[in-house]
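Engineer: To start, I am sharing the structure in question, which I have written as structure tokens.
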Amino acid sequence: MTQLTLQSDLGIERVADLQAALQPHLDADAPLELAGDRVERVHAAGLQLLHAFVRDRAARGRRTTIVHPSPALAEAARQLALAASLGVDGDAPRSANAPGATA
């Protein structure tokens, strides 16, 4: 299992940084945990990129889990109706390609 800590700022100005951090893990076979506990600021563009990354890994049969989502990350995901597909809709982290996920 590989763990990657998400940056504190997922604002539109930082989407290129997020993409650069995620890209090397897109085709990696190892399950990936994205630690969201440091996220303080979120824009729709950052969540859209995160969702696309999780969805694309799931389509390749690779497990991606967001663990310890910060309140800012969880609330932004709920507001954009992405909480379930990103696995941040409950207390326990879950894989974005687990049964019931829509990523």
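Engineer: Looking at ARG60, is it among the basic types (Lys, Arg) and out of contact with any strand residue (DSSP E or B) (no Cβ under 8 Å at 6 or more places or on another chain)?
Structural biologist: yes
Engineer: Identify, please: which residue in segment 45-90 is in a helix (DSSP H, G or I) and basic (Lys, Arg) and is, among those, surrounded by the most Cβ atoms within 10 Å (Cβ to Cβ)?
Structural biologist: The selected residue is ARG57.
Engineer: Return the pair list, or none, for Cβ contacts closer than 8 Å from residues in segment 1-19 that are more than 14 Å from LEU32 (Cβ to Cβ) and at pLDDT below 95 to residues that are of a type in the set (Ser, Thr, Tyr) and part of a strand (DSSP E or B), at least 6 apart or on different chains.
Structural biologist: Taking only residues 6 or more apart or on different chains, not a single pair turns up.
Engineer: Give me a count of the residues in segment 41-68 that are over 13 Å from the mean Cα position of the chain (by Cα), farther than 14 Å from GLU13 by Cα and not aliphatic (A, V, I, L, M).
Structural biologist: Looking only at that region, the number is 3.
Engineer: For segment 1-53, how many residues meet the condition of being over 15 Å from PRO71 (Cα atoms) and of a type in the set (Ser, Thr, Tyr)?
Structural biologist: The number of residues fulfilling the criteria is 2.
Engineer: Follow-up. I'd like the residue in segment 7-44 that is among the polar types (S, T, N, Q) and more than 21 Å from ALA58 (Cβ to Cβ) and, out of all such residues, is surrounded by the most Cβ atoms within 10 Å (Cβ to Cβ).
Structural biologist: The selected residue is GLN7.
The values are calculated or read from the model by the stated rules, or taken from the named source; none is laboratory data. Because the structure is predicted, anything quoted here is derived from the model rather than measured. Backbone-built Cβ (ideal geometry, glycine too); neighbour counts: all protein chains shown.
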